[in-house]
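J.: Handing you this structure, nothing more for now.
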Amino acid sequence: MRRMQRWTLLAAATAMGLMAVREAVACGPYATTALFTDIGTPDTEPKAFAAGQLGIVRPTFSKENLVIAYRHLEGWGLDDEAQVAVATAPEVDNGGPGPEPDRWLKARAAVVGGEAPKLDPFTQLKEFNSYVRIPAGAFTHAVSKVDELSKTHGLKSAEVLEWVRGQDQVFASIAAAPAIPAALKGPDWLRVERQYQIAAALFYAEKFDDARKAFYAISLDKNSPWQPWGAYLQARCWVREATLRPLHGDPADKAPLRSYRQAQTLLEGLLKTVDLPGDLQEAAAAYRDLVRHQTEPGRLRDEALAQLAAPKPGADFRPAMARLLSAEKCLKSALASPSARLDSRAEGLRIWLEVFDVKAITAPGTSLLSEAKRSPAMLVAALDRLPPGHADEKALVALAAKVPAASPAYPSLQWQLLWRELGFLAPAAQKARLESALQRKDLPVWALNRLRNGRRGLAVTLEEWTPFAPSFVVATEVENEVEPALPDKTTGLRPQLFAGVEGTVINQSLTLDQLLVVAKQPGLAKPVAAEVARCAWMRAMVLERMDRVHTLTPLLESALQERASGIENLVDPVERRFEAVRLMMGFPGLRFDIGTDYTTRVNSTDPKEFDSLRDNWWCGPDPEKAKPLEAGPNPGFLKSADLQQALLDRQALAKVPAAQIYFAQAALAFAEAHPDDARVPEALHRVVATTRAPMCGSAEMTALSKRCFNLLHKRYAKSEWTAKTKYYF
Amino acid sequence: MPFPRIQNHVRQAAVRCAGLSLGLSLGLGLALACGPGESARMNSFPKLMLWAWERPEDLRGLDPAKVGVAYLCQTLTVQGDRLIRAPRLQPLRVPPSAKLMAVTRIEVGRATPLAASPALRDAVVDAVLHELRSGVLGVQIDFDAKLSERPFYAELLRELRRRMEPKMPLSMTALASWSFSDDWIKDLPVDEAVPMCFDMGADTPFILKRLGAHHDFRSPLARRSTGVGLQQPLPWMPGRLFEQRRVYVFSHEPWTPKTLHDALQRYG
């Protein structure tokens, strides 16, 4: 079962899907999925973003990034300490006791020895779940206690042994089998420790009334080192009691909320105590926050907003952010929750976050304009959310145009202005504007794709459409992990593909002549153009359009071009097909369609026998799945006659059998016509080899492989190729 | 490291089975199996199973005669030679006579690879058996074992089988790629290996293409059941000609009466 997605840093993907195969969790090729749109991360590195280089701010940002963006847009900045805090990956706490139980067992072994007791920090509940009965802190404390007692009383002293035995009972105490240590009379230190152990054992045994009484007694005992903790521990009893109530109990049951409120009262009283020890202060404050998620999530949320909007949030930024998110979650299920009064900074942040959370603003009104006038952040949000033609649009555009280049809002506003402006221009001017924007070096890849989409939509001819048809790869996804795509180190070119509809147009809507136009288009990146040329060449060769083969051969990569040169001039059609097949068998990436994603296709320019981990060549028609082919999509300028011809080409190609069958038929036909030709044995050997590629198997393919094998062994017994062909499968 | 080159004999002929009682099993492993030889231990479970993962789930609406539940009961994280147990914290509500299978997921910490030992193996087995509550009729292990972890996994399953009640079924999940391209599971002491044909990540095009070409899973153990995602229908359901295979359904969202109904309609 797949784990949850995580965003991590990996090595960059190289162009066209070649990936180093890591040690396999799944034994297979790691297919790369190409992503072409905004992936929701800032355009700049995290450190630069935290420092104020915002790039284009988008609603797809995480809430934390939106908060950071807001601070910079408003001119508040983010202090150094907060910047460091946001750059640190948050710790993940799954709530369990982790390795602490093991540490306790090791510590107790030094005192008691012998076999360690079975220790299970979880308690099973009735609905096939469990809860953490003993958290990590309890074990951590017990380990510290053993260390402390061994130093003051000696590791092997009888009293320390008694303490450890009592602690064993505490950790073993469960509701079904309470294990309450016996009270002790002396010495004093042991007596008061034992009182605490008794209270703890009652707590773990879910005897909350008794536990509360015991902790209350401790809170009154000035001789007990646990005295300051008494109120805190009583609060723990209330909370645990509340959480153990059935999740699906009576919704009208207010008892859990009352318990939480009791806990909150105790903790708030405790926090008012003068000279509270530091660790207790910290524990009580954290626990109170936890409780407040149940009693007043709205107020908690607003306090978090206030902290995030504070002049210098410092190291509190991350915890405040976590609190904001967790409080908002609890708010969804809270019946009612009071809110705190927010100052203007926090209120502004709240509105900003809400604006990005809701759909485009549709109601006209002056409140948005007046907000945008006073707040650069709201100006950015308004222009992002406002539908075209809104009453305030012109005024907001005018405001945005005046923002200086040094402002953090500038990139976002310029981006918005570009799109708003386009709406007022005639097509010719739109084209010029988009092409000019595409020359910019500062735009992120997703933005370039959006511009290309726009420009492509204005094309009226294939020549005009082609340079803007491929999309840049923004990021790649491998095994649910996403990573930005980087330019090729050698060529500096950004990886790009004909994706989506554009890929379908190339594959389904264009005639051979039109594919030639695309392949020769000067504005098209070389790798992309080369792939189109290869596919067009394959189509022409298999459809026997030799005049087109002649025109396309010079457009192939050099390794292919060398082999392909002159094939179309062979007079004998059997030999012509044979030579074409000899070439094809050396390049398992050759096929009739371009790739519109990285997938698991072989890289077309790799000469090899075949690739056992990837898709090789092409499969034939599947009679079970065959349905009539339809004409491909029309981007707006293709003539119906051309679409019809493209469809006819596809229908003819759909009848071509699987590659290996095609190869075998060509090789056998040539062998029959030219039995003494020196090329035959090697070709027959290669045919048999290709049938081992793990795709498109069929009885016919097996039979043909066997025929080639038998012919090889019967007629060319002495050939070195025969010796190399030991099996037909 | 790349897995072994797939032999020609793995290519699947079309599965023809108009009433054939048993398929042929060639020495090279080609199986034209008809009727995948279901283990009798699994008879206690219906043909449709729902996976209930770590979130609150209310499945009281299901018919126990038709639908069973494979619920995540715990996640065991192995760090080196140490085992950290995280039992299910979210409630699961089922009708009283529901057929339940307790699923234990095993993960290995990235920072500290698995350090196999008999003690670790026993600790895992102890943890699995600890979660066999009243009403649980079977065990399933979910472990995406790497190549280097397979010997430990096989050893673990053997020990678990040895210590389990003889009549209680032992199931395992299997990556779809194992089930197509690899046969390391064939000798494991499990009653079924459920190929997970959903959320396949990088393997998705590879697996979907094979399913689309009507290639069945290679291992007989993997032909007793299929794992599917409710939101990710397959181009071809292996074994559909027989309709004998158990189907496990995973949903990314909590189960609702509607999604329960959808699962039953599609796979019941």
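J.: Restricting to the stretch B:42-72, count the residues that are acidic (D, E) and part of a strand (DSSP E or B).
T.: Final tally of qualifying residues: 2.
J.: Tell me which residues, restricted to the stretch A:125-155, are under 22 Å from A:A205 (Cβ atoms), of a type in the set (G, A, S) and part of a helix (DSSP H, G or I).
T.: Passing the criteria: A:A136, A:G137, A:A138, A:A142.
J.: Out of the stretch B:92-132, which residues are within 11 Å of chain A (Cβ to nearest Cβ) and either touching a Phe, Trp or Tyr at 6+ places or on another chain (Cβ under 7 Å) or part of a strand (DSSP E or B) (or both)?
T.: Listed by number, the residues that qualify are B:L92, B:R93, B:L100, B:A102, B:V103, B:R105, B:I106, B:E107, B:V108.
J.: For the stretch A:328-338, check the following and say yes or no: at least one residue is at pLDDT 90 or above and either touching a Cys at 6+ places or on another chain (Cβ under 7 Å) or in a helix (DSSP H, G or I) (or both).
T.: No.
J.: I would also like to ask the following. Looking at the stretch A:697-712, is at least one residue of a type in the set (S, T, Y) and away from every other protein chain (no Cβ under 14 Å)?
T.: No: the stretch A:697-712 contains no residue that is of a type in the set (S, T, Y) and away from every other protein chain (no Cβ under 14 Å).
J.: Okay, next question. Could you count how many residues in the stretch A:654-684 are within 18 Å of A:L590 (Cβ to Cβ) and touching a helix residue (DSSP H, G or I) at 6+ places or on another chain (Cβ under 8 Å)?
T.: Residues flagged as within 18 Å of A:L590 (Cβ to Cβ) and touching a helix residue (DSSP H, G or I) at 6+ places or on another chain (Cβ under 8 Å) within the stretch A:654-684 amount to 13.
J.: Could you tell me which residue of the stretch A:30-58 is farthest from the other protein chains (Cβ to nearest Cβ), considering only residues that are assigned to a helix (DSSP H, G or I) and in contact (Cβ under 8 Å) with a residue 12 or more places away in the chain? Show your work before the answer.
T.: Going residue by residue through the stretch A:30-58, those that are assigned to a helix (DSSP H, G or I) are A:46-51.
Going one step further and asking which of them are in contact (Cβ under 8 Å) with a residue 12 or more places away in the chain, we end up with A:46-47, A:49-51.
Numbers: A:P46: 21, A:K47: 24, A:F49: 27, A:A50: 26, A:A51: 30 Å.
It comes out as A:A51.
J.: Only one of these is outside any helix (DSSP H, G or I) and among the basic types (K, R): A:R563, A:R591, A:R539. Name it.
T.: Selected residue: A:R591, the only one of A:R563, A:R591, A:R539 that is outside any helix (DSSP H, G or I) and among the basic types (K, R).
J.: Next question, about the same structure. Could you check A:A175 against (1) more than 45 Å from the chain's Cα centre (by Cα); (2) surrounded by fewer than 17 Cβ atoms within 10 Å (Cβ to Cβ) and say which number it fails?
T.: A:A175 satisfies every listed condition except (1).
J.: Moving on. Just a yes or no: is a residue in the stretch A:59-80 in contact with a Leu (Cβ under 8 Å, 6 or more places away or on another chain), buried (at least 16 other Cβ atoms within 10 Å of the Cβ), assigned to a loop (DSSP other than H, G, I, E, B) and of a type in the set (F, W, Y)?
T.: So far as the stretch A:59-80 goes, no, none of its residues is in contact with a Leu (Cβ under 8 Å, 6 or more places away or on another chain), buried (at least 16 other Cβ atoms within 10 Å of the Cβ), assigned to a loop (DSSP other than H, G, I, E, B) and of a type in the set (F, W, Y).
J.: If A:R686 passes every condition in (1) exposed (fewer than 13 other Cβ atoms within 10 Å of the Cβ); (2) within 30 Å of B:I207 (Cβ to Cβ); (3) away from every other protein chain (no Cβ under 14 Å) but one, which one does it miss?
T.: So the condition that A:R686 fails would be (1).
J.: Among the residues in the stretch A:363-385, are any in contact with a His (Cβ under 8 Å, 6 or more places away or on another chain), assigned by TED's automatic domain parsing to the domain that holds A:L417 and modelled with pLDDT under 85?
T.: Yes.
J.: Going by the structure shown, is B:R88 at pLDDT 90 or above and within 7 Å of chain A (Cβ to nearest Cβ)?
T.: Spelling it out, B:R88 is indeed at pLDDT 90 or above and within 7 Å of chain A (Cβ to nearest Cβ).
J.: Which ones in the stretch A:403-414 are out of contact with any Leu (no Cβ under 8 Å at 6 or more places or on another chain) and not small (G, A, S)?
T.: Answer for the stretch A:403-414, where residues must be out of contact with any Leu (no Cβ under 8 Å at 6 or more places or on another chain) and not small (G, A, S): A:P404, A:Y410, A:Q414.
J.: Residue pairs, Cβ under 7 Å, 6 or more apart or interchain, first in the stretch A:133-162 and among the acidic types (D, E), second surrounded by fewer than 14 Cβ atoms within 10 Å (Cβ to Cβ). List them.
T.: So the pair list comes out as A:E159/A:P187.
J.: In this structure, is B:V136 of a type in the set (V, I, T) and either under 16 Å from the mean Cα position of the chain (by Cα) or more than 11 Å from chain A (Cβ to nearest Cβ) (or both)?
T.: Details: of a type in the set (V, I, T): yes; either under 16 Å from the mean Cα position of the chain (by Cα) or more than 11 Å from chain A (Cβ to nearest Cβ) (or both): no.
The answer is no for B:V136.
J.: Something else about it: Can you report the number of residues in the stretch A:100-124 which are assigned to a helix (DSSP H, G or I) and in contact (Cβ under 8 Å) with a residue 40 or more places away in the chain? Steps first, answer last, please.
T.: Step one: filter the stretch A:100-124 for residues assigned to a helix (DSSP H, G or I), giving A:100-111.
Narrowing the set further to residues that are in contact (Cβ under 8 Å) with a residue 40 or more places away in the chain leaves A:100, A:103-104, A:107-108, A:110-111.
Of the residues in the stretch A:100-124, 7 are assigned to a helix (DSSP H, G or I) and in contact (Cβ under 8 Å) with a residue 40 or more places away in the chain.
J.: Can you tell me which residues in the stretch A:481-529 are farther than 24 Å from A:E463 by Cβ and in contact (Cβ under 8 Å) with a residue 60 or more places away in the chain?
T.: The answer is A:E481, A:V482, A:E483, A:P484, A:A485, A:L486, A:D488.
J.: Report the residue count in the stretch A:615-649 for those that are more than 26 Å from A:G457 (Cβ to Cβ), more than 14 Å from chain B (Cβ to nearest Cβ) and either touching a Gly at 6+ places or on another chain (Cβ under 6 Å) or crowded, with 18+ Cβ neighbours inside 10 Å (or both).
T.: 1
J.: Specify the residue that is farthest from the other protein chains (Cβ to nearest Cβ); the eligible residues are those in the stretch B:61-76 that are surrounded by 19 or more Cβ atoms within 10 Å (Cβ to Cβ) and farther than 18 Å from A:Q124 by Cβ. Write out each step before concluding.
T.: Of all residues in the stretch B:61-76, those surrounded by 19 or more Cβ atoms within 10 Å (Cβ to Cβ) come to B:62, B:67-76.
After this cut, where a residue has to be farther than 18 Å from A:Q124 by Cβ as well, the list is B:62, B:67-68, B:70.
Working: B:L62: 15, B:V67: 16, B:G68: 14, B:A70: 11 Å.
Only one residue fits best here, namely B:V67.
J.: Looking at B:L156, B:L129, which is the one that is out of contact with any Leu (no Cβ under 6 Å at 6 or more places or on another chain) and either surrounded by 18 or more Cβ atoms within 10 Å (Cβ to Cβ) or among the basic types (K, R) (or both)?
T.: Only one candidate passes the filter, namely B:L156.
J.: Here is a follow-up. Spot the failing condition for A:T152; the list is (1) within 49 Å of the chain's Cα centre (by Cα); (2) among the polar types (S, T, N, Q); (3) at pLDDT 90 or above, and only one is missed.
T.: (1)
J.: Just to be sure before I move on: is A:F171 touching an Asp or Glu at 6+ places or on another chain (Cβ under 6 Å), in contact (Cβ under 8 Å) with a residue 40 or more places away in the chain and of a type in the set (F, W, Y) in the structure I sent? Walk me through how you get there before you give the answer.
T.: Details: touching an Asp or Glu at 6+ places or on another chain (Cβ under 6 Å): no; in contact (Cβ under 8 Å) with a residue 40 or more places away in the chain: yes; of a type in the set (F, W, Y): yes.
So A:F171 does not fit the description; no.
J.: Can you list residue pairs whose Cβ atoms sit under 7 Å apart, with the first residue in the stretch B:163-178 being free of Cβ contacts under 8 Å to residues at least 40 places away in the same chain and within 14 Å of chain A (Cβ to nearest Cβ) and the second being in a loop (DSSP other than H, G, I, E, B) and among the acidic types (D, E)? Count only pairs 6 or more apart in sequence or on different chains.
T.: Going by the 7 Å Cβ cut-off, the qualifying pairs are B:L175/B:D144.
J.: Only one of A:L276, A:L267, A:L233 is outside the structural domain of A:V132 (by TED's automatic domain parsing), within 48 Å of the chain's Cα centre (by Cα) and surrounded by fewer than 19 Cβ atoms within 10 Å (Cβ to Cβ); which?
T.: Matching residue, one of A:L276, A:L267, A:L233: A:L276.
J.: Report yes if A:Y70 is in contact (Cβ under 8 Å) with a residue 60 or more places away in the chain, hydroxyl-bearing (S, T, Y) and more than 24 Å from A:E354 (Cβ to Cβ), otherwise no.
T.: Taking the combined requirement at face value, the residue does not satisfy it.
The values are calculated or read from the model by the stated rules, or taken from the named source; none is laboratory data. The shown structure was predicted, so the numbers you read here are calculated from the model rather than taken from an experiment. Reconstructed Cβ throughout: ideal geometry from the backbone, glycine too, with neighbour counts over all protein chains shown.
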